[in-house]
Amino acid sequence: MSFNVDKLNILYETPVEYLPRISGELGVEFYIKRDDLTPLGAGGNKLRKLEYLVKDAMNKGATMLITVGGGQTNHGRQTAAMAAKYGMKCAILAVDEYPGELSANMLLDRLFGCELYLKRSDGRPESLQLNELVESVTAKYEALGEKYISFLLEGPMFWGLWGITTVPWNWTARPVLWVLTGRE
């Protein structure tokens, strides 16, 4: 069975690394898939789903990507990197505290040209606050004429699973425990 699914092809085969110490200690061959070495946005496995999501957004004529997550979301950082690479605008929305300085993922998000919207919690359910923030920010960008695609809940799970199942494997058939790295 094959599917004809459109995607961007920015990823290459990342190495699989053998972990001899833990393998020896446990008597099981442990390998680690080094998706922290992917080529965009400081690495991580989220790019595997974003190859599909961003291509779909481009096919629909989107000019902007909007996503939600924590203030230091890895998915947001990689969404911002993809938006910058393909000439799109990006916004990350979060119910989170400002850490007092732009650092880590938030700094990278801004370097990629992404707008960050942090809402301090007011004690109500976070989902309610996030929904209000999404409505407010998307209304702002609609009024500015942006055609946006929202990746709510850090991107649909289906595409994350699809991206992982289509990874080019570079090992021989033998029992292994596959562990994803990345800054999850």
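The values are calculated or read from the model by the stated rules, or taken from the named source; none is laboratory data. Being a predicted model, the structure only gives us computed values, none of them experimental. Cβ atoms come from the backbone with ideal geometry, glycine included; neighbour counts cover every protein chain shown.
Looking only at strands (runs of 3 or more DSSP E) that fall completely inside the stretch 1-109, which ones have 3 or more residues that are surrounded by fewer than 15 Cβ atoms within 10 Å (Cβ to Cβ) and modelled with pLDDT under 85? Hits in the stretch 1-109: none.
Leu128 falls short on exactly one of the conditions (1) in contact (Cβ under 8 Å) with a residue 40 or more places away in the chain; (2) over 27 Å from Glu13 (Cβ atoms), and that condition is (1). Identify all residues within the stretch 73-117 that are in contact (Cβ under 8 Å) with a residue 12 or more places away in the chain, over 16 Å from Val137 (Cβ atoms) and aliphatic (A, V, I, L, M); write none if there are none. Correct list: Ala81, Met82, Ala84, Ala104, Met106, Leu108. Residues in the stretch 9-56 that are touching a residue at least 60 places away in the same chain (Cβ under 8 Å), over 22 Å from Leu108 (Cα atoms) and among the aliphatic types (A, V, I, L, M): Val16, Val28, Ile32.
Across the stretch 112-140, the number of residues qualifying as over 16 Å from Ser150 (Cβ atoms) and of a type in the set (Asp, Glu) comes to 2. Candidates are the residues of the stretch 22-47 that are among the hydroxyl-bearing types (Ser, Thr, Tyr) and under 26 Å from the mean Cα position of the chain (by Cα); the one that is nearest to Leu11 (Cα to Cα) is Thr38. Inside the stretch 125-137, residues that are touching a strand residue (DSSP E or B) at 6+ places or on another chain (Cβ under 9 Å) and over 18 Å from Thr73 (Cβ atoms) make up a count of 2.
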